[in-house]
Amino acid sequence: MYRGSFLCFTLSVLVHGAALSATARAADEPGEQKTDVLRLSGASSPDELADRIAKRLSTATRSELGRLASVPDCTTAMAAGWERVRRTMPETEQEDAVTPDLLAISRFLGLIEGRLQVPLPKTWEETVKSAVGRGQKTIWFPRWDLVLVERRFTPWSFTRDGDHWLVKNENQLIKLPAEDAMVSNVTVECAGESAYVALYGSQSPYRLFAIDQRKGKIAWSSKVWGTARVFPRGVIVNTSGSDWHVVTMRSTDEMLVVFGFAGVGVYVEAFDRQNGENRCRFSTNYFERVSLRK
């Protein structure tokens with residue numbers, strides 16, 4: 001009896017000691033600490049998210065970027081995936097435009113699709129593949145021709161009636177508050193008993209509405225940051241820098257995913273379908289402040 005108790009006590013000490021050692025090793029690994037302290041999700045503004053990305057990725061090694069691309073935090077993973085694409089571009093500005101490594105872009109697209117569990121809109125995918133630039137800080141997407149492809153078959157139109165937007169197709173009319181006069185396009189995604197409406201122009205951010213189709217009322221609204229550009233710290237230019245901007249939406253049982261692209265940037269944001277809470281955000285415009293480790 002005594003020997004059995006002593007053996008159990010010894011095993012308990014060994015197991016407890018091993019756990020403490022594992023914790024100590026994790027604490028000694030800077031990468032693990034940074035993942036916890038500098039999670040990219042949860043930022044309250046594009047400016048704050050750009051700061052978090054700069055702090056988290058500026059000193060990340062290539063191997064650490066690979067690890068970050070697989071962490072549970074979706075915003076962190078997508079940012080790490082794009083940083084791997086950026087690092088295939090020259091560090092110094094080139095006179096002529098060059099393209100990122102196509103394999104890196106393919107890996108990035110696979111990461112997005114795998115994380116969000118929705119098929120990528122074809123036009124969004126082709127826009128990402130069209131990336132060109134003169135270096136890591138000047139990347140743009142010249143596929144403006146895809147705007148017509150995306151908008152050609154939409155059955156929805158909208159008009160303004162006083163302080164409301166009237167969004168309609170042949171069978172349905174949705175009435176929304178006209179908060180922003182700079183609206184030139186509408187995208188609608190119907191899923192189950194809900195309709196999700198994005199009213200937007202060339203400027204970002206913009207509003208996303210969820211409509212309970214049974215009651216004809218707004219269930220929730222959220223802000224899509226979109227192509228909001230972040231320049232020197234504290235300065236935000238809320239415009240796409242272009243007169244064209246395309247939004248496509250995809251839905252799962254739990255999430256609504258918003259894909260967008262314009263000449264100066266592409267983005268993807270995911271929202272909880274029940275309450276509109278943001279799940280993750282990515283935009284190529286959040287990387288202005290990232291500088292590579294020397």
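Listing for the model above:
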{"item": "Loop sites in the stretch 94-132: GluC sites (Glu not before Pro), DSSP, at most 11 other Cβ within 10 Å", "result": "E95"}
{"item": "Percent of Cα pairs exceeding the 20 Å cut-off, where the set is the stretch 50-171", "result": "57"}
{"item": "Protection proxy ranking, peptides 161-168, 52-59, 207-214, average beta carbon neighbours within 10 Å, highest first", "result": "52-59, 207-214, 161-168"}
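All of the numbers you see were taken from the coordinates with simple rules; none came from a lab. Predicted model only: the values in this text are computed from it and were never measured. Here Cβ is always computed from backbone atoms with ideal geometry, including for glycine, and neighbour counts include all displayed protein chains.
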